1. Could you give the length gained by full extension between Glu46 and Leu198, i.e. 0.36 nm per residue of separation minus their alpha carbon distance, to one decimal place?
2. Which value, to two decimals, describes the C-alpha radius of gyration of the range 5-87 once divided by 2.2 N^0.38 Å?
3. So how much slack lies between Phe20 and Leu140, counting 0.36 nm per residue of separation and subtracting their Cα-Cα distance, in nm?
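Just so you know, all these numbers are worked out from the coordinates, no wet-lab data involved. This structure is a prediction, so every number in the text was calculated from the model and none was measured.
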Amino acid sequence: MGADDAPLVARLRAGDEAAFADVVRRHHRTLVRLARVYVGDVDTAEEVAQEAWLAAVAGLAAFEGRSKFLTWLARVAINRAKTRAVRDRRRVTDVSLEAVTADDGDAPRFNGFGVWREPPRPWGDGPEGELTRKRMLETLSGALDDLPAGQRAVVVLRDVEGCDADEVCNVLEISETNQRVLLHRGRARLRSALERHLTESER
């Protein structure tokens with residue numbers, strides 16, 4: 001269990017409603033995005049996320065702390081999503097297969113380290129810069145939701161929630177190589193969306 005997780009888990013086990021509300025506020029959107037990898041539409045993903053929260057609360061006693069709390073929570077959500085997909089007779093997404101077959105057409109915009117070959121201009125300061133940042137975040141959020149399922153799951157866990165590579169491999173049950181490929185391609189697509197947004201805003 002991570003050092004920051006122990007007090008939180010203790011509060012949750014004690015029935016601290018404020019702690020639960022804080023966890024839901026911070027991680028609900030992540031659970032929805034992860035569930036959507038397997039169930040497809042947002043409404044069903046919302047239902048799965050709600051089920052995952054209930055299952056997590058009921059199963060707190062079973063959390064042994066061998067992984068971070070978020071890692072455990074994400075696994076609960078994914079298991080619920082897979083069960084729901086089977087129940088709804090959907091084909092369960094094969095995240096590892098996507099790493100092999102996905103197109104990597106956005107890569108030429110970046111060097112071998114994933115860095116811009118020609119970085120975008122600075123956003124600026126003041127009200128105009130703040131508006132630019134807000135629009136950029138909206139663009140990135142929309143682009144994240146449009147990523148192929150496996151890429152979305154890996155990017156959400158790595159870049160939104162800050163999980164390390166081993167945790168992502170554990171949660172998604174994929175190899176380190178697949179995790180790295182999906183992360184690279186997901187980031188490339190997000191950067192491409194950001195680049196298009198910047199180009200259009202300069203016209």
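1. 51.6 nm
2. Rounded to two decimals, the normalised Rg is 1.06.
3. Between Phe20 and Leu140, full extension yields 40.4 nm more.
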